[in-house]
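Participant: Sharing a structure, written as C-alpha cells. Questions coming.
The values are calculated or read from the model by the stated rules, or taken from the named source; none is laboratory data. These numbers come from a predicted model, not from an experiment. Don't worry about glycine lacking a Cβ; one is built from the backbone with ideal geometry, like all the others, and counts go over all protein chains shown. Calculation scope for accessible area: heavy atoms of the full protein, side chains included, ligands and nucleic acids excluded. Shrake-Rupley method; radii C 1.70, N 1.55, O 1.52, S 1.80 Å.
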Amino acid sequence: RNKDNYNRISKFISLVLRHSPEIIGITLDKNGWTDTETLIKKLYPKFGIDLGILKEIVASDNKQRYSFSADFTKIRANQGHSVSVDLELLPQKPPAILYHGTAQRFVQSIYQKGIQKQNRQYVHLSKDLETAQKVGSRHGEVFVFQIDTCKMLNEGYLFYLSENGVWLTDEVPSRFLSSY
Ligand code: HQG
C-alpha cells in the first residue's frame, strides 16, 4: 500500500534529516535545511520518488515531521535531531503541566538524574497524556511523568515549541517530576 511505503520512506528521511545526512552524501546547513532537489536525487535510486511524492509524504506524515521552505527549495526535520542544528525556535510559555512518556525500566534512573536529552538536542515533552503514552511505549512498558512547568519557568528554565507541536527543553531535573 501507498501508505506503508510512504511510512517506510519517511522513516528513512527522518534518519538522514535528523541524524545521518552523510549516509546519502547530503549536508544540512546550520539551521537544519537541505536542498530539496539534491535530497530527491539521492533518494531516487532507493525509493524512486519525485517532488510530487515528497510533497505528499511531507503533507501526510502522521507527526508532521518535516517542513519545506516557502518556495519548496529546502526541507528540514521539525525536531528530533541528534546532529547539532539551530532551529531558531523562540522560548515560549508552555501549559502548566507537560508529560514525558518513557519506559518503566528508566524510571529509577530518571528519578536520580532527571530527564536528560541523551542523543538528541533536546528533551521532548508532550502536551497530552495520550501522546506521552505513545512516545513511551516505543521503549517498552510505558511510564508517564508529569512535569511542573510553572515551577521550572519560575526557576528560569526555557521551553520551545517545535513546528509540529512537540515541547522541547534542555533537561528536566527530578525535583520537577511526579508520576502521572
Ligand atoms: C530516556 C519520537 C534513563 C527517555 C517521539 C527516553 C518523540 C533516560 C529515552 C521523540 C534518562 C530517550 C523523542 C535518564 C531520559 N535515565 N533514561 N536520566 N533521561 N531517559 O527516543 O522522548 O517518531 O531520544 O525517557 O514521538 O522517547 O521519531 O526520546 O525514553 O517526540 O518523530 O531516554 O521521538 O518522535 O529516547 O522521543 P528518545 P523520546 P519520532
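Participant: Give, in whole angstrom and from largest to smallest, the semi-axes √(5λ) of the equivalent ellipsoid of region 1-40, with λ running over the eigenvalues of the Cα gyration tensor.
Facilitator: The three semi-axes for region 1-40 are 21, 10, 9 Å.
Participant: Per-residue HN-Hα couplings for region 10-19, Karplus 6.51 cos²θ - 1.76 cosθ + 1.60 at θ = phi - 60°, whole Hz, x for Gly and Pro?
Facilitator: 4, 4, 5, 5, 4, 4, 6, 7, 10, 10
Participant: Here is a further query. Normalise the Cα radius of gyration of region 1-69 by 2.2 N^0.38 Å (N = residues in it) and let me know the number.
Facilitator: Details: Rg = 11.2 Å, N = 69, 2.2 N^0.38 = 11.0 Å.
Dividing the Cα Rg of region 1-69 by 2.2 N^0.38 Å gives 1.02.
Participant: On a straight-distance basis, which aspartates and glutamates could pair with residue 41 in a cross-link, Cα separation under 19 angstrom, same-chain partners fewer than 8 positions away excluded?
Facilitator: Counting by Cα, and skipping residues close in sequence, residue 41 has these aspartates and glutamates nearby: 22, 29, 50, 56, 71.
Participant: What's the center-to-center distance, using Cα atoms, between region 2-43 and region 97-136 in Å?
Facilitator: Each part's Cα centre sits 26 Å from the other's.
Participant: Here's something else I'd like to know. Could you tell me which of the pairs 3/55; 42/74; 3/127; 113/134; 3/42 are separated by over 18 angstrom between their Cα atoms in the structure shown? Working shown, then result.
Facilitator: Values: 3/55 14 Å; 42/74 14 Å; 3/127 27 Å; 113/134 23 Å; 3/42 21 Å.
Long pairs (Cα-Cα over 18 Å): 3/127; 113/134; 3/42.
Participant: So how much accessible area does residue 170 have, in Å² to the nearest 10, using a 1.4 Å probe?
Facilitator: 80 Å²
Participant: Taking trypsin sites (Lys or Arg not before Pro) that fall in a DSSP loop and have at most 12 other Cβ atoms within 10 Å as cut points, what is the longest piece of the chain between them?
Facilitator: In the chain, the maximal stretch lacking such sites is 31-137.
Participant: Would you work out what percent of the accessible area of region 4-73, with all protein chains in place, is carbon or sulfur (probe 1.4 Å)?
Facilitator: That fraction is 54 percent.
Participant: Which order do you get for 61, 4 if you rank them by accessible area with a 1.4 Å probe, largest at the top?
Facilitator: Greatest to least solvent exposure: 4, 61.
Participant: Okay, next question. With every protein chain present, what is the per residue accessible area of region 66-180 (1.4 Å probe, Å²)?
Facilitator: Per-residue value: 55 Å².
Participant: Right, something else. Based on alpha-carbon positions alone, could you give the equivalent ellipsoid semi-axes of region 55-180 from the gyration tensor, as √(5λ), descending, whole Å?
Facilitator: Value: 26, 17, 13 Å, ordered largest first.
Participant: Taking H placed 1.01 Å from N in the peptide plane, check which residues at least 5 places from residue 114 or on another chain put their amide H under 5 Å from its amide H.
Facilitator: Sorted by chain and number, the residues that satisfy this are 174.
Participant: Check which residues have an amide H placed less than 5 Å from residue 79's amide H, if you skip close sequence neighbours.
Facilitator: Sorted by chain and number, the residues that satisfy this come to none at all.
Participant: With charges only on Cβ, +1 for K and R and -1 for D and E, what is the dipole size of the chain about its Cα centre, in debye, rounded to 20?
Facilitator: Charge dipole of the chain: 480 debye, to the nearest 20.
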